[in-house]
Amino acid sequence: MAYCSDVAQVRLEHITKSFGEGAAALKAVDDVSLDVEDHDFMILLGPSGCGKSTLLRMIAGLENPTSGDIFIGDVKVNDVEPKLRDVAMVFQSYALYPHKTAQANIEFPLKVRGESKVDRAVKAKSAAEALGLTEYLDRKPGQLSGGQRQRVALARAIVRQPSVFCMDEPLSNLDAKLRSETRAELVDLHRRLDATIIYVTHDQVEAMTMGTRVAVMSRGHLQQIGTPQEVYARPATVFVATFIGTPPMNVMPAGLFERGDTLVGVRPEHLRVVPSGGLPATVRMVEQLGHETLVICDAAGTRVVLRQDAEAPAPAIGAEINLDAAEVHRHRFDAATQNRIAA
Amino acid sequence: MAADTGATEVLHGARKVGRYALLSFVAFLVLFPIYATLMQALKSGPDAIDHPKSLLPINFTLDTLRAAWRIGDLGRLMVNSVIVAVVVTLGVIVTSLLAAYAFAFLDFPGKGPTFIAFLATLLVPAELTVVVNQRTINSLDWINSYQGLIVPLLATTFGIFLVRQVFLTVPKELREAAALDGVGHFRFLWEVAMPLCRPTLGALALFTFLGTWNQYLWPQAIITDDNHRTIQIGLERLKTGKIDTLNLVTAGTVIASLPIFVVLIAFQRQLVRGLTAGAVKG
Amino acid sequence: MRRKWRDLPIAVGMLAPSAVILGMFVVYPLVRAIQLGHLRCDATGKRCRDGGWGQYVDVFRSNQFQHALANTARLALMTVPIGLALGVGLAVLADKQIRGVGFFRTVFSSTVATSIAVASLVWFVLLQPQVGVLPDLFHGIIPSLKQPGLLQDPGTALPAVALSSIWASLGFTFIVITAALQGIPRELYESAFVDGAGGWMRFTNVTLPMLGPTMLFTSVVLTTRAFQAYAEVALLTQGGPEPQRPTESVAYLIYGQTSLIKNDIGLKSTAAVLLFLVLLVLAFVQFRGLDKRVHYGS
């Protein structure tokens, strides 16, 4: 009955979503095409308002694209109801039914499908076990901690054994420590379930550590799609270059770091202090973080950040230094289009 | 297929038409008594006798309305109601502001039990208090007077509760900073606390005005002369028992409701916003 | 410790106006009425006989009181469930974003503008056989309805009063439930939708449970109103067609034009205190009984 095939593949072709009409129309998603392979952990990454959540909701069936096609496993699902798409969704706020126990929450998708009470209980219990929730099944969401609630939301998603999992920033409501623990658990879950996951976040650390592939979006446009390493080492646009990496890549105006009319980007860890030649800069601030040192400089009005080992001697504030970087670490971007210029 | 997500969703196509149809049908049912009343009030006297049940008057006329106004002395009734409602509303706002301030910003021994005592008064129905209040008002010689109608209604726990809710959302630091600047309680109330709860005060005013305007049992209990009669208890005097004057009653109800309809439609949004303002935080 | 006492004078000053009014016109009457409830007085109110606490039991057990209580209970049983169901139904019906929904919402709220007196008079005229439109309409739908008119027929008088009361309270219920609906997080509906729940399932699994506390509140208000029914009885039936008097409510028994105890402040107090107790018990029962099934959010 469900439109699922054995291959849990998602294909988006030229998806556009506009809100509003006429002159005031807002394009939340603008001509995005991407493929999610079977068993991918695809991360949709970008700042708030970039359209990633809208894209996810279209995949789940909560919104209809204004134009373009969505395929799940080779079946075009544009007009298909969510329940027939075999997609499960985990919301940022978990969307747990406050009046139902954890067990009833987890069983709910099965209850909708009309499964018997016995079947439901069995499946719910095994989903709960997979997430370490067995002792909390009788509690209501109000009696659970944030992390436990999140796991109930996950259990509810996996109990359906869907083809695709859609997750909308599920970790943002957790505190930092819990977040990093849960990140590892999610990666483990992905492996154990052999699932296809589409995951939305604005946190690049999550994207880099969890995803098999990352799709970076900004203002409705897809900026780049690739593995975390690709996106880090060969950013396709200035946006991607400065969004990924902390501290962000130093993208310097044309003519500053080298002669020419292209923008040049160098990551803070790739800048070296050289005795002479290179880019002259004045040290403004030195941040000793313990495991590394950040040196914040001013080069002809441009803020440049450089990373050093904690052991290396840090320059004094006000010192004049020279900065250089190896050719392989220089990224060049077209000043007008902001796109990478292939080396 | 629409993104059918439940409440406050967007509908398209056939579902939309179906929904409009259902809404219109129900709206018709709800509005029918009002419509029928309005039509009857606009029928002329002879028309009412000849075609009492027709829903479309042959000629629209204001004569019946005028007659009802005259015969029922509706002008004086409305004036009385307005006087009582306005004074009571102002009084309730003042007493509620003061009492709510005391509960929200002041600390004194027995504050908890006192508040509970105030809340407990909500349980006592008018049907009980009227028995004794009737006698009290009588002994004060306030029967058939404005004071008699107004004074017992000047304070309500509901108002105190509502304003206190809003006052409780004012951060303590605000009061402390003001205290450091030497701002006394009354000044703080007037210049800081009150402006902050304006929407709630608006809702309270509306509520109190409506409630007082609609009072039936209490005016019925203490008013027997024509000078101080209010509109709710005065309307029934248009019921003379003769069938052919029933349209006067209808006309009377139309006139009596007009001010309220207008006020409510104008202040609809404030009402809901004010009532939920304090509740959101609490 | 000292700070507590420092605020006391000004607190007293601020609480005084409300305390005096409430004390004189709510607390004092309550206490005094309980006292007076022992007494039986003659028409002048001067000569009273002490009947003791037993008087409360006697009045409660009396045929008249029981009869009025039964009528009032029947009225509540008609107005509360139907009123609540209609309020929820209309609120859900109008909870869609289609153009013009504001108009419908205004229409559904409109009865909140009518006072009990106005609503009762409107329905009084509507239900008169010679002048009103409804008796013919009802006769057309249910031919067995007799012609004297719904208000004059002892069988249909109370339902007719109930009808007018339900209509009058519709606006209030609609407004309250609509406001509560806005508070239900949209994501709960979306989650249910993605999991495949249809409209009815979403209603029973999301809307109704989340509306629980509000429905309880509305039910208590409507029940209280029903048991306090006075104006509607006074204007529609004056206690109901003789001799059965099926519409005589407890409040009308005490204050109505035809009340036998109009001038006996002792018996009036007894009956009024009993009504108060009935209301208390009802509120208590509703809170306890429904509270278990009502959820108060996380």
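What to note about this one:
- Dipole of chain B [Lys/Arg +1, Asp/Glu -1 at C-beta], most positive-end residue of B:ALA177, B:ALA256, B:LEU31: B:LEU31
- Spatial separation of Cα centroids for the stretch C:254-269 and the stretch A:96-141, in angstrom: 60
- Chain B: calculated mean residue ellipticity at 222 nm from DSSP helix runs of at least 4, using -39500 (n - 2.57): -22000 deg cm²/dmol
- D by Stokes-Einstein for the stretch C:93-204, Kirkwood Rh over Cα pairs, 37 °C, 0.692 mPa s: 193 µm²/s.
- Normalised per residue, the volume of the convex hull around the Cα set of the stretch A:42-102 (Å³): 133
- Note on A:SER33/A:ASP309: beta-carbon distance plugged into 1/(1 + (r/R0)^6) with R0 of 45 Å gives a FRET efficiency of 0.60.
- Orientation-averaged projected area, Cα convex hull of the stretch C:156-295 (nm²): 10.6
- Candidates C:ASP264, C:ASP195, C:ASP136: whichever shows maximal mean-square fluctuation once chain C is modelled as a Gaussian network with Cα springs under 10 Å: C:ASP195
- Neighbouring partner chain Cβ atoms per residue of A:151-162, average, 10 Å criterion: 1
- Each part gets one Cα centre, and for the stretch B:18-66 versus the stretch B:200-223 those centres are 28 Å apart.
- Considering the stretch A:219-343, its Cα convex hull presents a mean projected area of 8.4 nm².
- All C-alpha pair distances within the stretch C:37-125, sorted into 5 Å bins from zero, spread as 3, 10, 10, 13, 13, 10, 9, 10, 7, 6, 5, 3, 2, 0 percent across the bins.
- For chain C, calculated [θ]222 nm from helices alone, where every DSSP H run of n ≥ 4 adds -39500 (n - 2.57): -20500 deg cm²/dmol
- Ranked list, fewest to most other Cβ atoms within 10 Å of each Cβ, for C:ILE141, A:ILE106: C:ILE141, A:ILE106
- For chymotrypsin sites (Phe, Trp or Tyr not before Pro), the sites in the stretch C:193-298 that DSSP calls loop and that have at most 11 other Cβ atoms within 10 Å are C:TYR296.
- Put a dot 7 Å past the Cα of C:THR258, heading toward its Cβ, do the same for A:ARG192, and the two dots end up 7.6 nm apart.
- Fluctuation leader among A:VAL118, A:VAL75, A:VAL90 - chain A, Gaussian network, Cα springs under 10 angstrom: A:VAL118
- Mean-position separation - Cα centroids, the stretch B:73-113 and the stretch A:282-333, in angstrom: 68
- Measuring gaps between exposed loop sites in chain A (GluC sites (Glu not before Pro); DSSP loop; at most 16 other Cβ atoms within 10 Å), the longest gap, sites not included, is A:116-257.
- Taken along its three principal axes, the alpha carbon spread of the stretch B:138-224 comes to 55, 25, 16 Å, from the longest extent down to the shortest.
- With Cα atoms as the point set, chain C shows a radius of gyration and Dmax of 23.6, 78 Å.
- Convex hull (Cα only) mean projected area of the stretch A:2-73, reported in nm² to one decimal: 5.3
- Mean partner shielding of peptide B:20-31, defined as the number of other chain Cβ atoms within 10 Å of each residue Cβ, is 5.
- The simple Förster model, with R0 at 22 Å and r as the Cβ-Cβ distance, assigns A:GLN229 and A:VAL286 a FRET efficiency of 0.15.
- Top of A:GLN150, A:GLN161, A:GLN204 by mean-square fluctuation, Gaussian network on chain A, Cα under 10 Å: A:GLN161
- Only beta bridges with both residues in the protein assembly as shown are counted; by DSSP, about 75 percent of them are antiparallel.
- Debye intensity ratio I(q)/I(0), log10, chain B, q values 0.09, 0.13 Å⁻¹ (C-alpha model): -0.64, -1.04
- Each listed q (0.22 Å⁻¹) maps to a log10 I(q)/I(0) for the stretch A:31-132 from the Debye sum over equal C-alpha point scatterers, namely -1.26.
- Sequence-separation-based contact order of chain A, relative, with Cα cut under 8 Å and 6+ spacing, percent: 16
- Computed [θ] at 222 nm, deg cm²/dmol, chain A (DSSP H ≥ 4; -39,500 (n - 2.57); rounded to nearest 500): -7500 deg cm²/dmol
- For chain A, the spread of Cα positions along the three principal axes, ordered from largest to smallest, is 77, 47, 36 Å.
- Percent of Cα-Cα distances greater than 53 Å, calculated over the protein assembly as shown: 36
- Of all lysines in the structure, the ones whose alpha carbon falls short of 28 Å from that of A:LYS111, not counting any fewer than 8 places away in one chain, are A:LYS76, A:LYS83, A:LYS100, A:LYS123, A:LYS125, A:LYS140, C:LYS96, C:LYS292.
Each reported figure results from applying straightforward, stated rules to the coordinates on display, with no laboratory input. Since the structure is predicted, the reported quantities are computational estimates derived from the model, not experimental observations. Ideal geometry is used to build each Cβ from the backbone, glycine not excepted, and the neighbour counts take in all protein chains shown.
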